[in-house]
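A.B. asks: Below you will find the structure I want to go over with you.
The values are calculated or read from the model by the stated rules, or taken from the named source; none is laboratory data. What you are looking at is a predicted structure, and each value in this text was computed from that prediction instead of being measured. Positions of Cβ are generated from backbone atoms using ideal geometry, with glycine treated the same way; all protein chains shown enter the neighbour counts.
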Amino acid sequence: MPQKGMEPYLVPFAGAWTLEPAESHGSHSACNVGADGELDVFDAGRCADGYALGLAVGRRFADVIRSRMRQDLVLLEQLLPFASTAKAAPLLAALQAANRERYPRIGTSWWALPTAAGSRSSTKEILPFIPKEGGDHGREEEEEEPDGDCSDVLIVSDSTAIAAHNEDGNVALLGHTYLVRATLPDGLSFTAYTCAGELPSCAFGFNSNGVAFTLDSVPPVNDEIVAGAIARNFVSRDLLEAKNLEDAMHRICSPGVSVGHSYNLMDVRGRRIVNVETASGNRFAVHEAGATPFFHANMYRHLQVKQVQDENSMSREKRAAQCSVDSKETALSLLGDTADDKYPIYMTGQTLHTLCTVLVDLDKKTMAIYKGNPKNGEMALVLPML
């Protein structure tokens, strides 16, 4: 059994991976998010430690996690086969050691669990090091895993203070996400959108200290990725415990990360939004949102990093520059835009799909989740943040 104080969702059984049967723990409800599925809201209540939280979530969503793992082709066809090779052993050991040392309370026993859990929580940190057919390990022209695109619009003016976010992902994630609410021993509570079988959250969340965030992946070339360093999902899980905006920035900028990321951080009480781009080598750059709308897709905007030229992101950025955004309604309309047939901002493709759209309103201090295309304005759920 994993060490107390850790945060596993999967538990080992006879040297393989399995899931404990579902049990009643905390409370839950569901809201429809578009015609493709439901979004469960699970309140784990007050948890004695990270282990209790992870176990409660694993029990509640056992069937959903199993289903996601069965359909996850990246896990089944790339991560798990690689994890069983001699070449993978030192990389996985280094990842485990680095993250265990940095985050002893959060869930680094994840890596002591079967590779299904550990590998899927650090996909971007592992995929670049899987040998490619033909020995093309160092290729830089294409992204390793084109299933994690997102779009954000940030505005802070005298009349409007919002962050609007499309959570995009592989279509296989439909029906395999949920919201987790939890209260930690010190009284801090958080709410986090979570992909089945992963740490909360690789997408968006907020806590009772008035810190909120949305996330956008970015595509550094392989030479910019450090093997065996800090994994992004542990950083964002740690971010859920931030005391304030300054502490949030410290948590995402101080670790020596393996792969870069883009964070849209919100100080709900202070009515501030900042975009922070990070990269390996302790590099980061900060852009404070103002009255001029700031659009972020999945390429670095202001940190100088060698990156993959992602046509999808570039097309979305070009389209966003053509649209006028000055309100919640126009921000949602932009995130619902489908003018580009090949690379729409609102995605309903066979591979990439907009799982949900979120609007954080710092004046109302709410996070709203929308059904279907957000330009229709149909809210599925409104969460008070304070």
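A.B. asks: Look at the stretch 153-185 and say how many of its residues are at pLDDT below 95 and assigned to a loop (DSSP other than H, G, I, E, B).
C.D. replies: Going through the stretch 153-185 one residue at a time, the tally reaches 5.
A.B. asks: Additional query: Restricting the search to the stretch 347-369, which residues are of a type outside the set (Val, Ile, Thr) and over 18 Å from the mean Cα position of the chain (by Cα)?
C.D. replies: Gly349, Gln350, Asp361, Leu362, Asp363, Lys364, Lys365
A.B. asks: Kindly check whether there is at least one residue in the stretch 347-359 that is out of contact with any Gly (no Cβ under 8 Å at 6 or more places or on another chain), surrounded by 20 or more Cβ atoms within 10 Å (Cβ to Cβ) and within 17 Å of Leu154 (Cβ to Cβ).
C.D. replies: Yes, the stretch 347-359 contains at least one residue that is out of contact with any Gly (no Cβ under 8 Å at 6 or more places or on another chain), surrounded by 20 or more Cβ atoms within 10 Å (Cβ to Cβ) and within 17 Å of Leu154 (Cβ to Cβ).
A.B. asks: So, of the residues in the stretch 64-94 that are part of a helix (DSSP H, G or I), charged (D, E, K, R) and within 21 Å of the chain's Cα centre (by Cα), which turns out to be surrounded by the fewest Cβ atoms within 10 Å (Cβ to Cβ)?
C.D. replies: Arg70
A.B. asks: So which of Glu167, Glu198 ends up being among the charged types (D, E, K, R) and farther than 27 Å from Gln96 by Cα?
C.D. replies: Glu167
A.B. asks: Hey, another quick one. State yes or no: is Gly256 surrounded by 19 or more Cβ atoms within 10 Å (Cβ to Cβ) and either within 19 Å of Pro384 (Cα to Cα) or of a type outside the set (Phe, Trp, Tyr) (or both)?
C.D. replies: The answer is no for Gly256.
A.B. asks: Let me ask something else. Go through the stretch 320-329 and count every residue that is assigned to a helix (DSSP H, G or I) and touching a strand residue (DSSP E or B) at 6+ places or on another chain (Cβ under 9 Å).
C.D. replies: 3
A.B. asks: Go through the stretch 40-51 residue by residue and tally those that are buried (at least 20 other Cβ atoms within 10 Å of the Cβ) and either among the aliphatic types (A, V, I, L, M) or modelled with pLDDT under 90 (or both).
C.D. replies: Residues flagged as buried (at least 20 other Cβ atoms within 10 Å of the Cβ) and either among the aliphatic types (A, V, I, L, M) or modelled with pLDDT under 90 (or both) within the stretch 40-51 amount to 3.
A.B. asks: Let me ask you something else. Filter the stretch 309-327 for residues that are in contact (Cβ under 8 Å) with a residue 60 or more places away in the chain and surrounded by 20 or more Cβ atoms within 10 Å (Cβ to Cβ); which is farthest from Asp223 (Cα to Cα)?
C.D. replies: Among residues in the stretch 309-327 that are in contact (Cβ under 8 Å) with a residue 60 or more places away in the chain and surrounded by 20 or more Cβ atoms within 10 Å (Cβ to Cβ), the one farthest from Asp223 (Cα to Cα) is Val325.
A.B. asks: Taking the stretch 222-232 as the search range and keeping residues that are out of contact with any Pro (no Cβ under 9 Å at 6 or more places or on another chain) and surrounded by fewer than 24 Cβ atoms within 10 Å (Cβ to Cβ), which one is nearest to Arg283 (Cα to Cα)?
C.D. replies: Going through the qualifying residues, I end up with Glu224.
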